[in-house]
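This report concerns only the one structure given below.
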Amino acid sequence: MIGLVQVNMAPSHPVKIVLGTHQIGDASAWPGIIHFTTKEQVLALTSAFKARGHTDLDTARNYPGSEALLGATGAPSEFSIHTKIFGGGPEATASKWHSRDAIAASIAASLEDLGVDSVETMFLHVPDRETSLEETLKAMDEAHAKGQFKKLGVSNYTAKEVSDMLEICEREGFEKPSVYQGHYNAVFRSGEEELFPLLRKHGIAFWAFSPAAGGFFSDQKKASARWDEKTLVGQLYNNFYGSPAIETSASAVRASASAHGINPHEAALRWTVHHSILDGTFGDAVLFGMSKLEQLEQTLDAVEAGPLPDDLATLISGIYATFDGPGPAYHL
Ligand SMILES: NC(=O)c1ccc[n+]([C@@H]2O[C@H](COP(=O)([O-])OP(=O)(O)OC[C@H]3O[C@@H](n4cnc5c(N)ncnc54)[C@H](OP(=O)(O)O)[C@@H]3O)[C@@H](O)[C@H]2O)c1
């Protein structure tokens with residue numbers, strides 16, 4: 001891959017900071033991944049986030065127990081809630097998770113667990129390529145018309161699928177997607193080539209998940225359950241980031257960041273927030289995660305520390321240019 005090494009020194013408007021909550025819920029369902037399991041722990045996390053001036057939480061029907069714990073702590077009365085339709089993964093492979101009935105059931109279960117009648121954003125989380133986009137979008141339009149969510153979001157789809165969705169919504173008068181949630185950081189930039197131009201053209205915001213590459217740049221990565229090949233999430237993330245080329249780039253970033261006295265994990269995050277294609281002018285956001293309360297404070301401190309030193313930002317911007325072919329796919 002060539003190109004895409006430019007360093008955008010600062011977005012014209014800061015990106016929105018959203019707290020990801022896939023590490024909240026039932027630890028027996030995702031051992032080593034879910035760390036915040038009690039109302040007290042979740043309240044400590046969400047209160048600390050709010051005290052730093054942020055009000056958006058991202059959850060999903062797929063995150064075991066996350067919506068229920070957020071509901072139990074009263075989070076929906078204090079935060080904008082963004083959640084996602086159930087789908088993908090071993091439990092869902094036997095069924096069409098975007099059939100009309102499955103969508104209605106997922107939304108009803110989310111609203112019940114959260115204890116609300118409506119959420120800010122409802123994302124189609126994982127593409128269901130067995131169900132037609134027409135059926136999927138009609139079901140979402142019906143739920144939108146009932147007032148069950150304000151904004152329709154899509155996640156992990158290809159640019160072509162988003163384009164097809166827009167055409168169907170236009171033709172049928174359905175609610176159109178206005179937010180795209182996708183994998184984006186210094187390694188996952190392939191969306192810049194085909195997805196971002198489409199989103200910008202249609203006024204669709206981009207929300208970046210894993211903005212710090214899920215902890216890949218951290219010195220502590222080897223000790224993290226998140227990267228343990230024995231877990232499903234560990235296998236997924238090792239598949240995403242496991243190539244020798246990416247590991248070589250990450251080593252160089254770790255060395256340079258440390259020479260600047262900057263935690264390499266935070267350097268990766270600061271690149272995404274301050275030097276990437278993301279721009280708050282278009283409603284763009286980053287969704288970060290943490291396994292400990294102190295990581296939340298460290299993450300917000302890092303965001304507030306602002307742009308990186310030029311040489312470090314340029315080094316991180318150069319990672320994507322080291323790929324021979326297209327970089328890792330932004331979609332599933
Ligand atoms: N739409 C989708 O399909 C999708 C997919 C993935 C995620 N998401 C959303 O995006 C959110 C964030 O994703 P993410 O967790 O991958 O984001 P991330 O912010 O890139 O990675 C979070 C990980 O970084 C590590 N970390 C955090 N602070 C650190 C620090 N100060 N020093 C060193 N390491 C640190 C922790 O790893 P350790 O566990 O090793 O401590 C933590 O688990 C999720 O909660 C979810 O809401 C959506």
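The values are calculated or read from the model by the stated rules, or taken from the named source; none is laboratory data. What you are looking at is a predicted structure, and each value in this text was computed from that prediction instead of being measured. Positions of Cβ are backbone-derived with ideal geometry, glycine not excepted, and every protein chain shown enters the neighbour counts. To get the accessible areas, we keep the full protein, side chains included, count just its heavy atoms, and leave off ligands, DNA and RNA. Shrake-Rupley method; radii C 1.70, N 1.55, O 1.52, S 1.80 Å.
Considering segment 296-329 alone, what residues qualify as being of a type in the set (S, T, N, Q) and crowded, with 19+ Cβ neighbours inside 10 Å?
THR299, SER317 - these are the residues of segment 296-329 that are of a type in the set (S, T, N, Q) and crowded, with 19+ Cβ neighbours inside 10 Å.
Considering only segment 159-216, how many residues are more than 30 Å from ALA245 (Cα to Cα) and among the hydrophobic types (A, V, I, L, M, F, W, C)?
Number of matching residues: 9.
Taking SER163, is it assigned to a helix (DSSP H, G or I) and open to solvent by 30 Å² or more (accessible area, probe 1.4 Å)?
yes
Find the residue count for segment 170-193, including only residues that are of a type outside the set (A, V, I, L, M, F, W, C), within 16 Å of the ligand (Cβ to nearest atom) and assigned to a loop (DSSP other than H, G, I, E, B).
Adding up the residues that qualify gives 4.
Of all residues in segment 194-229 being at positive phi and within 14 Å of the ligand (Cβ to nearest atom), which is surrounded by the fewest Cβ atoms within 10 Å (Cβ to Cβ)?
Here the answer is GLY215.
Looking at LYS292, is it free of Cβ contacts under 8 Å to residues at least 24 places away in the same chain, near the ligand (Cβ under 8 Å from one of its atoms) and open to solvent by 20 Å² or more (accessible area, probe 1.4 Å)?
No: the conditions fail for LYS292.
Of the conditions (1) in contact (Cβ under 8 Å) with a residue 24 or more places away in the chain; (2) among the hydroxyl-bearing types (Ser, Thr, Tyr); (3) surrounded by fewer than 16 Cβ atoms within 10 Å (Cβ to Cβ), SER243 clears all except one; give me its number.
Going through (1) in contact (Cβ under 8 Å) with a residue 24 or more places away in the chain; (2) among the hydroxyl-bearing types (Ser, Thr, Tyr); (3) surrounded by fewer than 16 Cβ atoms within 10 Å (Cβ to Cβ) one by one, SER243 breaks only (1).
Can we say GLY261 is at pLDDT below 95 and more than 25 Å from ILE81 (Cα to Cα)?
Spelling it out, it is not the case that GLY261 is at pLDDT below 95 and more than 25 Å from ILE81 (Cα to Cα).
It is to be established whether one or more residues within segment 299-309 are over 21 Å from the mean Cα position of the chain (by Cα), of a type in the set (A, V, I, L, M, F, W, C) and within 16 Å of the ligand (Cβ to nearest atom).
Yes, the conditions are met somewhere in segment 299-309.
Identify, please: which residue in segment 85-117 is modelled with pLDDT under 95 and open to solvent by 50 Å² or more (accessible area, probe 1.4 Å) and is, among those, nearest to GLY71 (Cα to Cα)?
Per the stated criteria, the residue is GLU91.
Here's a check for you: in segment 264-289, which residue that is of a type outside the set (A, V, I, L, M) and surrounded by fewer than 20 Cβ atoms within 10 Å (Cβ to Cβ) is farthest from the ligand (Cβ to nearest atom)?
THR281
Scanning for something in a loop (DSSP other than H, G, I, E, B), of a type outside the set (Gly, Ala, Ser), open to solvent by less than 30 Å² (accessible area, probe 1.4 Å) and more than 21 Å from ILE81 (Cα to Cα), does segment 141-157 turn up at least one residue?
Scanning segment 141-157 turns up at least one residue that is in a loop (DSSP other than H, G, I, E, B), of a type outside the set (Gly, Ala, Ser), open to solvent by less than 30 Å² (accessible area, probe 1.4 Å) and more than 21 Å from ILE81 (Cα to Cα).
Determine which single condition GLU167 fails, assuming it passes every other condition in (1) among the charged types (D, E, K, R); (2) more than 10 Å from the ligand (Cβ to nearest atom); (3) touching a residue at least 12 places away in the same chain (Cβ under 8 Å).
Of the numbered conditions (1) among the charged types (D, E, K, R); (2) more than 10 Å from the ligand (Cβ to nearest atom); (3) touching a residue at least 12 places away in the same chain (Cβ under 8 Å), the odd one out for GLU167 is (3).
Scanning for something closer than 25 Å to LYS16 by Cβ, surrounded by fewer than 20 Cβ atoms within 10 Å (Cβ to Cβ) and out of contact with any helix residue (DSSP H, G or I) (no Cβ under 6 Å at 6 or more places or on another chain), does segment 177-189 turn up at least one residue?
yes
Report whether or not VAL253 is open to solvent by less than 10 Å² (accessible area, probe 1.4 Å) and within 16 Å of the ligand (Cβ to nearest atom).
Yes: the conditions hold for VAL253.
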